[in-house]
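Inspection log for the structure reproduced underneath, given as structure tokens.
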There are 2 protein chains.
Amino acid sequence: MSSHPAPPDYVDVVVAAERIKGVAHRTPVLTSSRINGFAGAEIFFKCENLQRSGAFKFRGAFNSIAALAAEQRAKGVVAYSSGNHAQALALASRLLATPATIVMPSDAPAMKVAATKGYGAEVRFYDRYNEDREEIGRGLAEERGLSLIPPYDHREVIAGQGTAAKELIEEVGPLDMLMAPLGGGGLLAGSALAASHLSPGCKVIGVEPEAGDDGLQSFRSGEIVRIPVPKTIADGAMTTYLGTLTFPIIRRLAHDILTVSDEALSQAMRMFAQTMKIIVEPTGCLAAAAALSRESGCEGKRVGIILSGGNVDLGTFAKLTGGES
Amino acid sequence: MSSHPAPPDYVDVVVAAERIKGVAHRTPVLTSSRINGFAGAEIFFKCENLQRSGAFKFRGAFNSIAALAAEQRAKGVVAYSSGNHAQALALASRLLATPATIVMPSDAPAMKVAATKGYGAEVRFYDRYNEDREEIGRGLAEERGLSLIPPYDHREVIAGQGTAAKELIEEVGPLDMLMAPLGGGGLLAGSALAASHLSPGCKVIGVEPEAGDDGLQSFRSGEIVRIPVPKTIADGAMTTYLGTLTFPIIRRLAHDILTVSDEALSQAMRMFAQTMKIIVEPTGCLAAAAALSRESGCEGKRVGIILSGGNVDLGTFAKLTGGES
């Protein structure tokens, strides 16, 4: 259960856009003739890997803290996160002079842990396979009077994440399809709110790792399906169930959920490095990898794709892109 | 001697900007609070590594071919290049339906050779240490009636390269300093033409590899100094002398030449990958590496930096950034 159960709508995305203005990067939209030629589509990549803290998560994190009353902000915030939400919340906290405690899995990428600490946050580790991060987060919130900012199931988080799709559509015009990675559903729900308002008729599609298809199962069954922690290189999409706020929005406004293999993610990472000279983390490649598969239905369409993050250790990057010599 | 000996001025940069409009990418200008904090300066990175063909060279190449009479274009073009000019000319030729022959060093990075061939150009290899590429280029031009498009010492090439600085200053406003990599001088001369017109008082600084400081020697002595082929990881700045067109512009409009070590280039590459999630080739890091050194004089200034290219093999990238596991 979220501590902010009211579902967001498009107005919340507009408010979020005002709050993050001049603080979050308005990330570039990149295109590649070569990739368009390969996909037979006109693809617009919204580069949230180039966002502050290296991922779209900064949008929702900053929006959430900025929305708190001054008194709550002074006490501090707490979050549990597989990585990018942690860094984002740590950076947003520092910018808003709010103390932050982050509950992180002990197997989170070293780079993400280092960045979170580097932004001045306190890190509390937990065992991803045996402990309940939500319980730990709620415990810390109660003990210390902190505001819990969950990674996705929260009105201001969802609204903040929706600003990326809003910027994209405002910049390039209406789209036939908009594809975004799907973990807990914050980015996809926010994107769907923005697209349904700004580009009616645009098909909104979530993409998750093959090994963790709880989103697809939930979308099809109409109920939130829980799965064991999936093993995938997409460490930002290892969530095991959609949120009680994100799922209804996705069910109502998204059109389909696709899945991709880890191998397809590595291929996409290599393509982005070689062809576009950008570093995209495995999770960030989900939507792109799906778009480049023959079954995506992208051919002949104007397609927006959110590259959600770029936080990957250079060692892992070399291994996955075949760059190690 | 160039086949187009007339020196360019700012008007030629404006004409070039019109010619490349809608064809070249208007590349993003990225900023990083972390890097600003480290440098104590406000730095604007003009990301020509995200340009079509992976480098600023596309601007000058396209402008040069577009400036040819239709009859000349139909006969074809020839160029000698250490890599990025080759790819750029090959792509520009294809877009303008002009046959292209490229004279490339046999030790050019595999990725650059493959890309050049991939764009449909004919490649003629030569030995960088024992053969004269200009002679080979001129020979091919005479034999086959081709137009020679040299990599830097050419009016339309210089004017085209100047459009990157023009876009940068038009986007972010006047600068205190503008720093660009220096090889043969096309980018630096073009940048100086743009900056002197659009941001009077802006100090324009060229940066070359320590091992190949012919530009610095020439700038100080007032005469074009020739050096042996330098050994450096900055393969795009292995030129051994400035051009007869580029040198006078640089002498008149640039304010200083700095040099950086290969180690500083590797460090900068790593920083761009980790902090900004972009891939910048060694040569592309020249200006940034200088800006981040204490002697650059950047502190407290508004500084524009041109990241000139991103064409580096992923194996080399992993080796230089320490990403190999």
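The values are calculated or read from the model by the stated rules, or taken from the named source; none is laboratory data. Bear in mind the structure is a predicted one, so any value in this text is a computation, not a measurement. So basically every Cβ, Gly included, is an ideal-geometry build from the backbone, and we count neighbours across all protein chains shown. SASA here: full protein model, heavy atoms, side chains in, ligands and nucleic acids out. Shrake-Rupley method; radii C 1.70, N 1.55, O 1.52, S 1.80 Å.
Within region A:91-116, track down each residue that is closer than 22 Å to residue A:281 by Cβ, open to solvent by 30 Å² or more (accessible area, probe 1.4 Å) and away from chain B (no Cβ under 14 Å).
Residues satisfying the conditions are A:106, A:107.
Please go through region A:90-129 and give me each residue that is among the polar types (S, T, N, Q), in a loop (DSSP other than H, G, I, E, B) and touching a Gly at 6+ places or on another chain (Cβ under 9 Å), ordered by number.
Our first condition is that a residue be among the polar types (S, T, N, Q); within region A:90-129, this holds for A:93, A:98, A:101, A:106, A:116.
Cutting the leftovers down to in a loop (DSSP other than H, G, I, E, B) gives us A:98, A:106.
Residue satisfying the conditions is A:98 alone.
Which pairs do you get when a residue that is closer than 19 Å to residue A:202 by Cα, found in region A:289-311, comes within reach of a residue that is among the polar types (S, T, N, Q) and open to solvent by 10 Å² or more (accessible area, probe 1.4 Å), reach meaning Cβ atoms under 7 angstrom, with the pair 6+ apart or on two chains?
Here the result reads A:290/A:296, each pair linking region A:289-311 to a residue that is among the polar types (S, T, N, Q) and open to solvent by 10 Å² or more (accessible area, probe 1.4 Å).
Kindly indicate the residue of region A:247-281 that is touching a Phe, Trp or Tyr at 6+ places or on another chain (Cβ under 6 Å) and not in a loop (DSSP other than H, G, I, E, B) and also farthest from the other protein chains (Cβ to nearest Cβ) among those meeting that condition.
A:257
With B:259, B:240, B:275 as the choices, which residue is in contact with a Leu (Cβ under 9 Å, 6 or more places away or on another chain) and either in contact (Cβ under 8 Å) with a residue 60 or more places away in the chain or open to solvent by 10 Å² or more (accessible area, probe 1.4 Å) (or both)?
Numbers: B:240 fails: in contact with a Leu (Cβ under 9 Å, 6 or more places away or on another chain); B:275 fails: in contact with a Leu (Cβ under 9 Å, 6 or more places away or on another chain).
Sole residue among the options that is in contact with a Leu (Cβ under 9 Å, 6 or more places away or on another chain) and either in contact (Cβ under 8 Å) with a residue 60 or more places away in the chain or open to solvent by 10 Å² or more (accessible area, probe 1.4 Å) (or both): B:259.
Applying the selection to region B:50-84, what residues are in a loop (DSSP other than H, G, I, E, B) and out of contact with any Ser or Thr (no Cβ under 7 Å at 6 or more places or on another chain)?
Going through region B:50-84, the residues in a loop (DSSP other than H, G, I, E, B) turn out to be B:51, B:56, B:68-69, B:76, B:81-83.
Those that are in a loop (DSSP other than H, G, I, E, B) and out of contact with any Ser or Thr (no Cβ under 7 Å at 6 or more places or on another chain): B:69, B:81, B:82, B:83.
Please go through (1) open to solvent by 50 Å² or more (accessible area, probe 1.4 Å); (2) assigned to a helix (DSSP H, G or I) for residue B:300 and return the number of the only condition it doesn't satisfy.
Only one criterion is unmet by residue B:300, namely (2).
Of all residues in region B:31-44 being among the small types (Gly, Ala, Ser) and in a helix (DSSP H, G or I), which is farthest from the other protein chains (Cβ to nearest Cβ)?
B:39
Starting from region B:12-26, keep only residues that are within 14 Å of chain A (Cβ to nearest Cβ), then list their pairs with residues that are assigned to a loop (DSSP other than H, G, I, E, B) and buried (at least 18 other Cβ atoms within 10 Å of the Cβ) whose Cβ atoms are within a distance under 8 Å, requiring at least 6 positions of separation or different chains.
That search, which allows pairs on different chains as well, returns B:24/B:51; B:25/B:51.
Pick from B:322, B:300: which is at positive phi and more than 9 Å from chain A (Cβ to nearest Cβ)?
B:300
Looking at residue B:312 and the list (1) within 14 Å of another protein chain (Cβ to nearest Cβ); (2) not in a loop (DSSP other than H, G, I, E, B), which single condition is not satisfied?
Condition not satisfied by residue B:312: (2).
In region B:153-187, what count of residues is obtained for those that are within 22 Å of residue B:290 (Cα to Cα) and of a type in the set (Val, Ile, Thr)?
2
Of the residues A:164, A:180, A:194, which single one is more than 12 Å from the chain's Cα centre (by Cα), more than 13 Å from residue A:62 (Cα to Cα) and crowded, with 24+ Cβ neighbours inside 10 Å? Steps first, please.
Numbers: A:164 fails: more than 12 Å from the chain's Cα centre (by Cα); A:180 fails: more than 12 Å from the chain's Cα centre (by Cα).
Sole residue among the options that is more than 12 Å from the chain's Cα centre (by Cα), more than 13 Å from residue A:62 (Cα to Cα) and crowded, with 24+ Cβ neighbours inside 10 Å: A:194.
Of (1) over 23 Å from residue B:21 (Cα atoms); (2) modelled with pLDDT of 95 or more, residue B:236 satisfies all except one. Which?
(2)
So is residue A:87 more than 30 Å from residue A:171 (Cβ to Cβ) and either within 12 Å of chain B (Cβ to nearest Cβ) or assigned to a helix (DSSP H, G or I) (or both) or not?
The answer is no for residue A:87.
Which numbered condition trips up residue A:8, out of (1) more than 13 Å from chain B (Cβ to nearest Cβ); (2) in contact (Cβ under 8 Å) with a residue 40 or more places away in the chain; (3) surrounded by fewer than 24 Cβ atoms within 10 Å (Cβ to Cβ); (4) part of a loop (DSSP other than H, G, I, E, B)?
Unmet for residue A:8, out of (1) more than 13 Å from chain B (Cβ to nearest Cβ); (2) in contact (Cβ under 8 Å) with a residue 40 or more places away in the chain; (3) surrounded by fewer than 24 Cβ atoms within 10 Å (Cβ to Cβ); (4) part of a loop (DSSP other than H, G, I, E, B): (3).
If we keep just the residues of region A:45-66 that are open to solvent by 10 Å² or more (accessible area, probe 1.4 Å) and over 30 Å from residue A:34 (Cα atoms), which is farthest from the other protein chains (Cβ to nearest Cβ)?
A:66
Output the number of residues of region B:67-87 satisfying the condition of being under 16 Å from residue B:162 (Cα atoms) and either open to solvent by 20 Å² or more (accessible area, probe 1.4 Å) or more than 19 Å from the chain's Cα centre (by Cα) (or both). Step through it out loud before you land on a result.
Just the residues of region B:67-87 that are under 16 Å from residue B:162 (Cα atoms), to begin with: B:67, B:85.
Filter once more, keeping what is either open to solvent by 20 Å² or more (accessible area, probe 1.4 Å) or more than 19 Å from the chain's Cα centre (by Cα) (or both): B:67.
Total satisfying the criteria: 1.
Here are the criteria: (1) under 20 Å from residue A:72 (Cβ atoms); (2) touching a residue at least 24 places away in the same chain (Cβ under 8 Å). Tell me which single one residue A:162 does not satisfy.
With respect to (1) under 20 Å from residue A:72 (Cβ atoms); (2) touching a residue at least 24 places away in the same chain (Cβ under 8 Å), residue A:162 is out only on (1).
Do we find that residue A:134 is open to solvent by 20 Å² or more (accessible area, probe 1.4 Å) and at pLDDT 90 or above in this structure?
no
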